1. Yes or no: segment 570-581 includes at least one residue that is in contact with a Leu (Cβ under 7 Å, 6 or more places away or on another chain) and surrounded by 23 or more Cβ atoms within 10 Å (Cβ to Cβ).
2. For the list (1) open to solvent by 30 Å² or more (accessible area, probe 1.4 Å); (2) modelled with pLDDT under 90; (3) in contact with a strand residue (DSSP E or B) (Cβ under 8 Å, 6 or more places away or on another chain); (4) within 16 Å of the ligand (Cβ to nearest atom), I need the number of the one condition that GLU121 fails.
3. Condition first: within 16 Å of the ligand (Cβ to nearest atom) and open to solvent by less than 50 Å² (accessible area, probe 1.4 Å). Now tell me which residues in segment 48-65 satisfy that.
4. LEU29 - would you say it is away from the ligand (no atom under 16 Å from the Cβ) and at pLDDT 90 or above?
5. For segment 160-172, check the following and say yes or no: at least one residue is assigned to a helix (DSSP H, G or I), in contact with a strand residue (DSSP E or B) (Cβ under 8 Å, 6 or more places away or on another chain), touching a residue at least 12 places away in the same chain (Cβ under 8 Å) and not hydroxyl-bearing (Ser, Thr, Tyr).
6. What's the number of the condition GLU21 fails, among (1) within 14 Å of the ligand (Cβ to nearest atom); (2) crowded, with 19+ Cβ neighbours inside 10 Å?
7. Just to be sure I understand, how many residues within segment 193-248 are open to solvent by less than 30 Å² (accessible area, probe 1.4 Å), in a loop (DSSP other than H, G, I, E, B) and not hydroxyl-bearing (Ser, Thr, Tyr)?
8. Considering only residues that are among the aliphatic types (A, V, I, L, M), touching a Phe, Trp or Tyr at 6+ places or on another chain (Cβ under 8 Å) and under 23 Å from ALA330 (Cβ atoms), which ones fall in segment 360-397?
Amino acid sequence: MMKNGKAKIKMPEKKIKVEIEPIGRRIFLKQPVNGLDAIVNSGIGIKSVCGGKGICGKCRIIILDDGEFPPSEQEKKILTSDEIKRGVRLACQQTFHKDLSIYIPSSSLSEEQKLQVEGEELDIEISPVCKKYFLGLEEATLKDTKSDFTRINECLRKEYSVDARTIDFKVLTQMPTVIRDNKWKITATLRENSSGNEIIFIEGGNRTKSSYGIAVDLGTTKIAIFLVDLLKGKTVDRIGVTNPQIRFGEDVMSRLGYAMQDEDNLKRAQSLVVQSINEAVDGLCKKNRLSSNEILEMTVVGNTAMHHLFLGLPVKQLALSPFLPLTSEAIHLKAREIGVAISPGGYVYMLPPIAGFVGSDHLAMILATRLYEQEGNCMGIDIGTNTEIALKSRKGIVSVSTASGPAFEGAHIKYGMRAAPGAIERVVIDPETCVPVIQTIDDREPVGICGSGILDSIAELLKAGIIDRWGKFKPEKKCLYRDRHGNYQYILTPEFYMQKRNNERIQKDGVNGIGETRQKTEYGRYNDRCDDKYVSINQRDIVEIQLAKSAIRTGIEVLLEDAGIGFEKIDRIIIAGAFGSYIDPKNVINIGMFPRVSLRKITQVGNAAGVGARMVLISKKERELAEKIACDIRYLELTVYPSFTEHFATSTIFPEPWELI
Ligand code: FES
C-alpha cells in the first residue's frame, strides 16, 4: 500500500528458532512458548508423566546454549546441582523465549520417538528403477498371431512410449496364464537395467497403485528391514531382527574365520542370514496385507564382511592381510539366485563396498547425511565394533576404519549388556559425595550397563576425580570398594548406597528405621570388600573404554593430519548409528574420544545407513550418485600410517581436568 508516496513495507515477523537434537528437527515459534508445549506441538514424543507440573522429572532436556535459561525453584528441587550445571532442565518448566538448541536425552523420548531416531528420511525425487504399466492387450486371433511378448511390447510403445528389451524367464513361464485368466488386462513391471528394460513381474488387472520394495541395513549384530512404498517414497513399516550369524562369533573377524574354514560353513552362514531376512520380509508383508511376491526390489547395505557373507562370496582374501574385498562394484542380481524370497523376477541391489573394513553402510551414511556437499570441513562418524570415520575437506572425502571393539555394545565389560530394559543408560556422579544417580532403560531395576551408560560413567568418574588421567582409580577418594578378588570397583547400584546409609544410621543409633538392631555389616568402611551383586565399573572396564576411545581418536587425528588441518577447523561433526544417537556428546568430549569442540558443531542423526539404503531403493538418481561417491572416496589404511602408533598411545590418556566441560 502507498501512503504519502511511500510504500509501506511489512517487515517479516521475527520467529524464535529452536534446534532439536538428536532428532535433527528445527522448529519456529511466533512467540515465547512453554518448552514442553513447543516440543509436543512439533510432533516429537517426549515423556510428561505429570502433565507439565514439574513433579515427575521425565521431561528432562539439555539446553545447549549457555545462560539465559536459569533453573526455576521447582527444577532445583528435582534436578541435581550437577545436572543444572550441565544445562539439564525440565522442558515443562522452561519458556523458549529466544533462539536456542536443545538436546532431548533418549530417556526423555517416548518409545515411539526412540524408533524414529533410527534415522530421518530425506526429501528426494522418487524415481525407482522399477515401474508398473497397466496394459489392455488386444486379444490374439487367427488373424493376429503375434507372440505374447510382442503384444505386450507393442502396447507399451503405443500407450507409454517405452519398451521392454527382455523378460525374466520365470515371468515368461507364468505370463500366458496371467494374461488369459485376466482377460488380457495386465500390469507389467519394467526394471531399468543397463542393457535396457526388463519385464520382471506380470500381475492380472490394474496394480499400478501398489508398488513396494525392501531396504535392508545388514549389521553384524542387528538387521534393520524397511518396507517401502515405491510410489510415495515412504517407509510403511520396519522391523529389527538379530543377525543369526551371531552364533558363529560376535565380531566380524570370528564370523569370517568360521566361514573360511570350509565351504559348508560359508553356505550355512549365508542361508541363515537370508532365511532370517525372508522371515522378516514375510512378516512385514503379512502385517501390511501384501504378498512377498509383490516386493519388486531389495537394496542391502552392510559392512564388507556382511556383504560377502550375504552373497555367499569367498572370504579368505577379506579375512587375511591385506584384507581385500572381492569387488568394489555395485551388484545387481536376481534375488532368487541367493534364495531371497521376493517377486520371482525381482532383483537385489547392493551398494559397492569401499574397502575390506569400510563397507557399503559407510557409503550409505555419506549419502544420507549429504556429507559430500557440506560446506567447509565435515566429519561423519559411525560408532560401532568397527568405527568408520569420513573426513570431507578440500582434499575430498577420505575414510578410515578403526577397531574400536565391542566395548560400547557392552561386550568385555564386567556388567556390560546391550541396550535392553534394566540397562543403566545414564550416569551422573555427585562430585561432593561421589554417589551416582542413574537412569535405566524403562526405569527397571539395574541389571547391567549399556554403551551410553559406560561412556557416562567414565566421564563422570573423571569429573569427580575418582579416576586420574591415566584411568587409574584413586583410592584416597574413599568411594571405592573391593570385589571378592580384592580389586577396586566403583558401585553404580543405588540400593547399595541406600543400604550403606541405613547401616551408618544403625551404627550411630543402634537401630534401623523399623526398630531393628543390627550388627556391623559389609558397608561400614570404604575400601571394604562388597558383594558382587551390584552393578559396578572396575579397572579393566576402564581400560577397555580407553582402548576403544583411543582407536576412534587415533582415526580422527590421522584423518586431520592427512588433510593438514586441526580439529578447530572442523565445521560439523555428524554422529551416525544407533549407539551414536544415545550418547551424550559432552561426555564423548570429556573422555577425549573427540578433541574439545563446541557442542553446536555436533549433530546426531541416528541410523543414516538405513536411510541411505532406502534412498537408493526409491531413487535411481541416488543410486548413481552413491556409485559416483564410492569412486571418489579415498581409503586410508590406519595401521600403516607413520604416526599411527604414536597417536594411539597418546589417545589412551584422558583430558586434563580443566579441559572437561
Ligand atoms: S512433565 Fe513432569 S516434570 Fe515436566
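1. Checked against the condition, which is being in contact with a Leu (Cβ under 7 Å, 6 or more places away or on another chain) and surrounded by 23 or more Cβ atoms within 10 Å (Cβ to Cβ), segment 570-581 yields at least one hit.
2. Of everything listed in (1) open to solvent by 30 Å² or more (accessible area, probe 1.4 Å); (2) modelled with pLDDT under 90; (3) in contact with a strand residue (DSSP E or B) (Cβ under 8 Å, 6 or more places away or on another chain); (4) within 16 Å of the ligand (Cβ to nearest atom), GLU121 misses just condition (4).
3. Of everything in segment 48-65, those that are within 16 Å of the ligand (Cβ to nearest atom) and open to solvent by less than 50 Å² (accessible area, probe 1.4 Å) turn out to be SER48, CYS50, GLY52, GLY54, CYS56, GLY57, CYS59, ILE61, ILE62, ILE63.
4. Judged against the criteria, LEU29 is a match.
5. Yes: one or more hits.
6. All conditions are met except number (1).
7. 5
8. Selection gives ILE366, ILE397.
The values are calculated or read from the model by the stated rules, or taken from the named source; none is laboratory data. Owing to the predicted nature of the structure, the values given are computational and were not obtained by experimental measurement. A quick note on method: Cβ atoms are made from the backbone with ideal geometry, for glycine too, and the neighbour counts reach across all protein chains shown. Side chains included, ligands, DNA and RNA excluded: accessible areas come from the protein's heavy atoms. Shrake-Rupley method; radii C 1.70, N 1.55, O 1.52, S 1.80 Å.
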